[in-house]
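Here's the structure we're looking at; comments come further down.
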Amino acid sequence: AQKITQTQPGMFVQEKEAVTLDCTYDTSDQSYGLFWYKQPSSGEMIFLIYQGSYDEQNATEGRYSLNFQKARKSANLVISASQLGDSAMYFCAMRDLQRGANNLFFGTGTRLTVIP
Amino acid sequence: EAGVTQFPSHSVIEKGQTVTLRCDPISGHDNLYWYRRVMGKEIKFLLHFVKESKQDESGMPNNRFLAERTGGTYSTLKVQPAELEDSGVYFCASSQEQGAGAFFGQGTRLTVV
């Protein structure tokens with residue numbers, strides 16, 4: 001069974017600093033995808049970044065990068081140069097590609113607060 | 001381009017009543033998903049439509065939940081009769097391709113009292 005663990009219920013970061021949000025996963029499958037979503041106070045879930053298990057390079061999208069360490073089964077999200085608008089809940093999720101499943105398994109989320 | 005929209009944004013109903021949640025996916029997205037987050041717990045998958053067909057409904061908690069997607073456009077999720085433990089935020093998501101990153105709606109917060 002797949003499992004996503006986010007051990008940080010809340011994080012604080014100073015504006016313009018970088019922050020790392022932790023995510024570890026547990027799966028016996030070889031082919032899977034890892035996602036990060038942002039949920040601002042308005043409620044919608046915003047897709048941020050994707051990493052495939054066979055991708056050799058870490059995914060990057062603007063100020064977001066995914067620190068993928070396959071052997072440690074971790075997929076930490078790094079946000080560089082934090083902005084006040086980054087304050088939100090962040091969810092790590094995984095999809096099992098090998099079995100063709102299309103549903104996402106989510107972690108419990110990390111609430112990030114950016115301090116001016 | 002309009003995103004995924006859900007209606008209503010909030011709903012408060014009494015135990016035993018019926019509630020219907022609606023999701024309008026992004027136009028042209030064949031894949032539509034329903035997820036639920038119960039207070040303090042992780043977001044969990046409920047079911048997946050491909051057009052009007054249920055591809056995977058393994059996450060539906062019980063037969064009090066009925067999802068439909070007639071015509072392959074919008075979808076409804078009906079809870080009948082609602083129980084206290086059904087309270088939570090119900091998210092809908094859609095994607096053009098299976099396996100792609102899905103676009104989520106803002107969710108419907110359901111409170112059963």
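Please treat every number below as a calculation from the coordinates, not as lab data. Values in this document were obtained by computation on a predicted structure and should not be read as measured data. Cβ placement follows ideal geometry from the backbone for every residue including glycine, while neighbour counts extend to all protein chains displayed.
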Quiz prompt | Reciprocal of mean inverse Cα separation for region B:70-113 (Kirkwood radius, Å) | solution = 12.4
Quiz item: Which FRET efficiency value, to the nearest 0.05, is calculated for A:K16 and B:R109 with the Förster distance at 30 angstrom and r the Cβ-Cβ distance?
Solution: 0.35
Practice problem: Counting residues in chain B as N, plug N into 2.2 N^0.38 Å and put the Cα Rg over that result. | Solution: 0.99
Quiz item: Among B:S94, A:S42, A:S65, which comes first, second and so on when ranked by fewest other beta-carbon atoms within 10 Å?
Solution: A:S42, A:S65, B:S94
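Which whole-number percent is the relative contact order of chain A (Cα, under 8 Å, 6+ apart)?
Relative contact order here is 37 percent.
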Quiz item: Using the 10 angstrom Cβ neighbour count as an exposure proxy, how do B:E57, A:E56 rank, fewest first?
Solution: A:E56, B:E57
Quiz item: Given H placed on each backbone N at 1.01 Å, which residues far from B:Q106 in sequence or on other chains put an amide H within less than 5 Å of it?
Solution: B:Q6
Quiz item: Just how many % of Cα pairs in chain A lie over 22 Å apart, if you round to the nearest whole percent?
Solution: 28
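Could you work out, residue by residue across A:41-51, how many beta carbons of other chains sit within 10 Å of that residue's beta carbon, and then give the average as an integer?
5
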Quiz item: Looking only at region A:4-27, which residues have a backbone nitrogen under 15 Å from a spot 7 Å from the Cα of A:S80 in the C-beta direction?
Solution: A:16-20
Practice problem: Choose one answer from A:L34, A:L66, A:L104: the residue with the largest mean-square fluctuation in a GNM of chain A with alpha-carbon springs under 10 Å. | Solution: A:L104
Self-check item: As computed over the protein assembly as shown, the Cα convex hull volume per residue (Å³)
Solution: 123
Practice problem: Show which lysines lie in cross-link reach of B:K54 when reach means a straight Cα distance below 21 angstrom and same-chain residues fewer than eight apart are skipped. | Solution: B:K44, B:K78
Quiz item: When the Cα centres of region B:60-113 and region A:1-72 are compared, how far apart do they sit, in Å?
Solution: 24
